[in-house]
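To start, the structure itself, in structure tokens.
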Amino acid sequence: MDFWQLRIFQKVIETEGFSKAAEAVHLTQPTISSHIRDLEEHFGCRLLDRMGKRTLPTGAGRLLYDYSLKITRLAEEAEDAMARFMGVIGGNLMVGGSTIPGNYILPRLIGTFKMRYPETRISIEVGDTRQIVEAIAESKIDFGVVGARVNHAGIIQEQIFDDEMRLIVPAGHRWAGRQTVTVASLSSEPFIMREQGSGTLKSLEASLAAKNLRTKDFTVTATLGSTTSVIQGIKSGIGVSILSAIAVADDVRLKTLVSLSVRGLDLRRYFYLTYHKSRSRSPLCDAFMDFLRFVERPETDLDAPA
């Protein structure tokens with residue numbers, strides 16, 4: 001048994017599958033399977049069961065998973081302690097991001113941060129706002145950036161970035177030549193909604209509530225679990241949707257999608273630095289959080305054109 005095998009084992013359980021775990025740690029599926037076999041041979045028992053399309057831990061697997069989390073956390077604490085002793089900003093950091101920060105904002109900023117602190121390794125866990133907050137509360141990640149405020153004991157949030165959501169339609173849509181539409185006309189248009197727990201959905205619900213409207217007033221043709229799937233749904237003609245301008249910037253530049261404003265509806269939104277108030281932080285964690293608080297953002301990096 002070695003530390004890397006335990007990290008792979010954790011990822012298989014957390015993703016409920018060998019293929020997703022392989023993607024997450026950038027290894028082939030046969031390599032993942034080999035590491036799991038080595039662990040099972042070491043302990044002399046089965047650790048995982050394949051249940052259809054899902055891979056779930058056995059009783060022994062759940063026990064090992066709990067201990068592996070403790071081992072991982074202890075190893076990270078050792079890295080942090082050594083960094084403090086040496087006065088060096090370095091080591092490993094696990095950051096969470098809801099869809100827009102995790103896929104479009106944080107990767108760019110991590111590159112800039114690593115130019116200042118090359119002895120660092122920062123990983124991003126992407127999920128919806130609810131998943132990221134739960135991971136912070138369970139100490140699975142150090143902190144996150146999410147797209148909605150939450151009511152969760154022990155969690156602190158600071159507003160750090162802003163964004164504008166836009167109505168997104170395919171290039172061939174009858175509204176493609178417009179700059180704005182009304183809420184009334186939008187309510188009868190086939191609409192793709194994000195799933196519960198999404199910061200995008202929460203922001204949309206708040207914008208509608210300010211006008212005494214609800215998402216139930218829309219003609220929802222599909223509910224999809226990621227911004228990427230919504231974008232593909234729009235391109236495929238399933239419906240239109242309201243999404244972050246940042247997420248569709250490339251498609252708007254390529255003229256495969258068109259973004260419009262919704263007259264009378266304030267679609268501004270914010271992203272929040274989110275962390276646990278009681279958990280101690282490493283020098284690297286503090287340094288990256290401060291970087292996110294005070295970084296000067298080039299407009300072309302984070303603000304997509306309308």
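The values are calculated or read from the model by the stated rules, or taken from the named source; none is laboratory data. The structure presented is a predicted model; accordingly, all values stated were derived computationally and were not measured. Note that we place each Cβ from the backbone using ideal geometry, even for glycine, and neighbour counts take in every protein chain shown.
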May I ask you to list pairs of residues, at least six apart or on different chains, whose Cβ atoms are under 7 Å apart, with the first in region 119-135 being farther than 15 Å from Ile105 by Cβ and at pLDDT below 90 and the second being assigned to a strand (DSSP E or B) and of a type in the set (A, V, I, L, M)? Thr120/Leu93
Would a scan of region 214-229 turn up a residue that is within 20 Å of Leu267 (Cβ to Cβ), buried (at least 21 other Cβ atoms within 10 Å of the Cβ), touching a helix residue (DSSP H, G or I) at 6+ places or on another chain (Cβ under 9 Å) and in contact (Cβ under 8 Å) with a residue 60 or more places away in the chain? yes
Checked pairs for region 37-62, first free of Cβ contacts under 8 Å to residues at least 60 places away in the same chain and more than 16 Å from Gln5 (Cα to Cα), second assigned to a strand (DSSP E or B) and of a type in the set (A, V, I, L, M, F, W, C), C-beta under 6 Å and 6 or more apart or across chains, list as Asp49/Leu56; Thr55/Leu48
So which residues in region 88-118 are under 17 Å from Gly225 (Cβ atoms) and assigned to a loop (DSSP other than H, G, I, E, B), if there are any at all? Ser98
Does Ser188 meet the test of being surrounded by 14 or more Cβ atoms within 10 Å (Cβ to Cβ) and among the small types (Gly, Ala, Ser)? no
Condition broken by Ala60, with the remaining ones in (1) surrounded by fewer than 15 Cβ atoms within 10 Å (Cβ to Cβ); (2) at pLDDT 90 or above; (3) part of a helix (DSSP H, G or I) satisfied: (1)
Counted residues, region 197-221 - those being over 15 Å from Leu243 (Cβ atoms) and at pLDDT below 85: 1
Within region 42-57, how many residues are within 16 Å of Ile8 (Cα to Cα) and either part of a loop (DSSP other than H, G, I, E, B) or of a type in the set (Val, Ile, Thr) (or both)? 3
Among (1) out of contact with any Phe, Trp or Tyr (no Cβ under 6 Å at 6 or more places or on another chain); (2) crowded, with 20+ Cβ neighbours inside 10 Å, where does Lys140 come up short? (2)
Residue count for region 215-244, restricted to those that are under 20 Å from Thr180 (Cα atoms), more than 16 Å from the chain's Cα centre (by Cα) and among the hydrophobic types (A, V, I, L, M, F, W, C): 5
Taking only region 158-193 into account, find how many residues are closer than 17 Å to Asp128 by Cβ and either among the polar types (S, T, N, Q) or without any contact (Cβ under 8 Å) to a residue 60 or more places away in the chain (or both). 2
Can you tell me how many residues in region 252-286 are assigned to a helix (DSSP H, G or I), in contact with a helix residue (DSSP H, G or I) (Cβ under 9 Å, 6 or more places away or on another chain) and surrounded by fewer than 19 Cβ atoms within 10 Å (Cβ to Cβ)? 1
Does region 168-185 contain at least one residue that is modelled with pLDDT of 90 or more and buried (at least 21 other Cβ atoms within 10 Å of the Cβ)? yes
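What number of residues in region 184-214 are part of a helix (DSSP H, G or I), within 30 Å of the chain's Cα centre (by Cα) and either under 20 Å from Gly237 (Cα atoms) or not assigned by TED's automatic domain parsing to the domain that holds Ile238 (or both)?
Let us first name the residues in region 184-214 that are part of a helix (DSSP H, G or I), namely 184-187, 199-209.
So of that shortlist, the ones also within 30 Å of the chain's Cα centre (by Cα) come out as 186-187, 199-209.
After this cut, where a residue has to be either under 20 Å from Gly237 (Cα atoms) or not assigned by TED's automatic domain parsing to the domain that holds Ile238 (or both) as well, the list is 186-187.
Within region 184-214, residues that are part of a helix (DSSP H, G or I), within 30 Å of the chain's Cα centre (by Cα) and either under 20 Å from Gly237 (Cα atoms) or not assigned by TED's automatic domain parsing to the domain that holds Ile238 (or both) number 2.
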